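The structure appears right after this line, and notes come after that.
The values are calculated or read from the model by the stated rules, or taken from the named source; none is laboratory data. Computed from a predicted structure; not experimentally measured. So basically every Cβ, Gly included, is an ideal-geometry build from the backbone, and we count neighbours across all protein chains shown. Ligands, DNA and RNA are stripped out before the accessible areas are found, and what is left, the full protein with its side chains, is counted by its heavy atoms. Shrake-Rupley method; radii C 1.70, N 1.55, O 1.52, S 1.80 Å.
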Amino acid sequence: MSIRESTFSQSLWKTQPFKGLLFIALIGVISWIFEVVLGQILRLDVTSKLIYITIFFVWWWHLGFSLNGYPGNRFFSTRFGRGSVNLTVLLVLSYLTGEIWKFISTKATLADTSVGLWGQTAIIAAAASLFFFDNTIVTTEKIRNWHPVSGFLNIFFAVFFIAPALTFLPQLWGLQPFYIPWYWYPTSTIFGSFFERWPLSKLDLEQPRLGLIHTGAIILLTLLMALILKQLGIDLFTTTTGPIFAAIWTTVGLGLLWQFNLWPFVHLAQPTKGIVVSLISLIITIALYIPTVALFSQDLIQGLYWWFNILWVQVLLMAPGLYDGIGLWQNDR
């Protein structure tokens with residue numbers, strides 16, 4: 001292949017829709033590899049695999065965003081190098097987290113502990129701090145971008161304060177552990193990314209006012225989503241089909257945002273862009289949800305696991321400081 005042909009090939013895969021299609025294939029392959037490791041090599045049951053993916057999300061969020069690439073960036077300047085370090089750290093932390101929860105709970109199996117509830121709450125606490133409140137809940141303007149100190153503060157807030165408070169404290173009074181479910185995520189993607197916080201973005205609000213209103217908007221949209229799904233016979237909170245729908249919608253939403261960079265609608269003005277992309281994401285979600293439920297009708301938890309596995313790999317490839325997809329994210333076309 002000539003130099004000219006090589007350059008053309010590289011530029012082709014850095015443009016849409018080719019970049020998005022490449023990542024769909026890449027995500028599929030890596031998801032299968034994770035299934036081989038978790039299922040066939042480690043021989044975990046489906047519940048344990050879902051729990052470990054939840055723990056992966058907890059630590060990925062902080063290694064990828066809160067810590068801004070630390071500790072991998074202390075050893076390598078390339079994304080591949082620091083991504084390899086951080087991925088190793090993530091897997092070690094996830095394993096230790098499971099073992100510590102089993103020790104604290106005096107349970108032999110991870111599924112008998114409350115680690116899954118803790119993990120869901122820790123994910124939401126981190127995401128709210130980072131993306132709703134722009135990293136201002138536990139950090140001042142002065143240290144907001146002081147890495148990794150600001151990241152460790154967010155880890156303390158999400159992992160060691162909010163999540164344990166909800167899972168441990170109720171048990172002191174003989175109550176069931178509380179938690180915040182992850183089902184808010186699809187509506188968060190729509191409002192925060194598709195609509196780019198419109199119309200709040202027009203009000204010139206400062207934190208924490210913007211974060212509080214943003215959080216309220218997500219809660220309202222999530223309740224609305226739950227109400228609509230319930231009318232369709234899909235209960236978001238008491239069935240497996242509800243979480244499957246939410247997992248697919250999240251995956252599709254992030255795919256349009258991250259893999260396809262909202263192509264070809266990126267230049268549309270708000271709220272037209274938000275409306276168009278939201279409708280497209282919903283149509284694609286329904287088209288994927290129907291065959292998923294049909295295929296896994298005898299074991300819906302397996303269907304939920306596969307979508308969580310795909311979703312996990314999707315965000316793994318996007319996280320700053322972890323793999324960024326061999327640099328192909330850099331072009332937003």
Tell me, what % of the accessible area of region 236-317 is carbon and sulfur with a 1.4 angstrom probe? 76
Ranked highest first by average number of other Cβ atoms within 10 Å, how do 242-254, 185-197 line up? 242-254, 185-197
Pull up the cross-link candidates among the lysines for Lys49, meaning alpha carbon to alpha carbon under 20 Å and not fewer than 8 places away within one chain. Lys102, Lys107
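Roughly how many debye, to the nearest 20, is the charge dipole of region 183-249 about its Cα centre, given +1 on each Lys and Arg Cβ, -1 on each Asp and Glu Cβ, and no other charges? Don't jump to the answer; show the numbers that get you there.
Values: 4 positive and 4 negative charges, 14 e Å.
The calculation lands at about 60 debye.
Relative contact order for region 1-153: what is it in percent, counting Cα pairs under 8 Å that are at least 6 residues apart? Walk me through the intermediate numbers first.
Values: 106 pairs, mean separation 35.6, N = 153.
Relative contact order of region 1-153: 23 percent.
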Once amide H atoms are built 1.01 Å from N in the peptide plane, which residues 5 or more positions from Phe195, or in another chain, come under 5 Å H to H? none
For region 243-319, which semi-axes, largest first and in whole Å, follow from the square roots of 5 times the eigenvalues of its Cα gyration tensor? 25, 15, 7
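Can you give the accessible area per residue of region 105-263, in Å², using a 1.4 Å probe? Kindly include the intermediate steps, with their values, before the conclusion.
Values: 7790 Å² over 159 residues.
Spelled out: the 1.4 Å probe surface of region 105-263, per residue, equals 49 Å².
Per Stokes-Einstein, at 4 °C and 1.567 mPa s, what whole-number D in µm² s⁻¹ belongs to region 24-64, with the Kirkwood radius over Cα pairs as the hydrodynamic radius? Kindly include the intermediate steps, with their values, before the conclusion.
Details: Rh = 11.0 Å.
Diffusion coefficient, whole number: 118 µm²/s.
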Using θ = phi - 60° and the Karplus relation 6.51 cos²θ - 1.76 cosθ + 1.60, list the HN-Hα couplings for region 165-181 in order, rounded to whole Hz, with x at every Gly or Pro. 4, 6, 8, 9, 4, x, 5, 5, 9, x, 9, 6, x, 8, 6, 10, x
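Roughly speaking, to the nearest percent, how much of region 78-211's 1.4 Å accessible area is carbon and sulfur? The partial results should precede the final answer.
Working: 4650 of 7020 Å².
Roughly 66 percent, rounded to a whole number.
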Computed [θ] at 222 nm, deg cm²/dmol, the chain (DSSP H ≥ 4; -39,500 (n - 2.57); rounded to nearest 500): -18500 deg cm²/dmol
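Applying a 10 Å radius around every beta-carbon, put 132-145, 57-70 in order of their mean neighbour count, most first.
Numbers: 132-145: 15.4, 57-70: 23.2.
My ranking of the peptides, most packed first, is 57-70, 132-145.
Expressed as a rounded percentage, what relative contact order does region 196-296 have, with Cα pairs under 8 Å and six or more residues apart?
Details: 44 pairs, mean separation 23.8, N = 101.
Taking the mean separation of contacting Cα pairs over the length of region 196-296, I get 24 percent.
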Residue by residue through region 240-252, what is 3J(HN,Hα) from phi via Karplus (6.51 cos²θ - 1.76 cosθ + 1.60, θ = phi - 60°)? Round to whole Hz and write x for glycine and proline. 7, 5, x, x, 4, 4, 5, 5, 5, 5, 5, 4, 5
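Could you work out the relative contact order of the chain? I mean the mean sequence separation of Cα pairs under 8 Å and 6+ apart, divided by the number of residues, in percent.
26
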Given Cα positions, please report Rg to Rh for region 125-213, the hydrodynamic radius being the Kirkwood one. 1.04
Sequence order, region 140-155: Karplus ³J(HN,Hα) from phi using 6.51 cos²θ - 1.76 cosθ + 1.60, θ = phi - 60°, Hz rounded, Gly and Pro as x, gives 8, 4, 5, 10, 4, 10, 8, 8, x, 4, 4, x, 5, 5, 5, 5
Report, ordered by chain and residue number, the lysines lying within cross-link reach of Lys273, taken as a straight Cα distance under 20 Å and ignoring same-chain residues fewer than 8 apart. Lys202
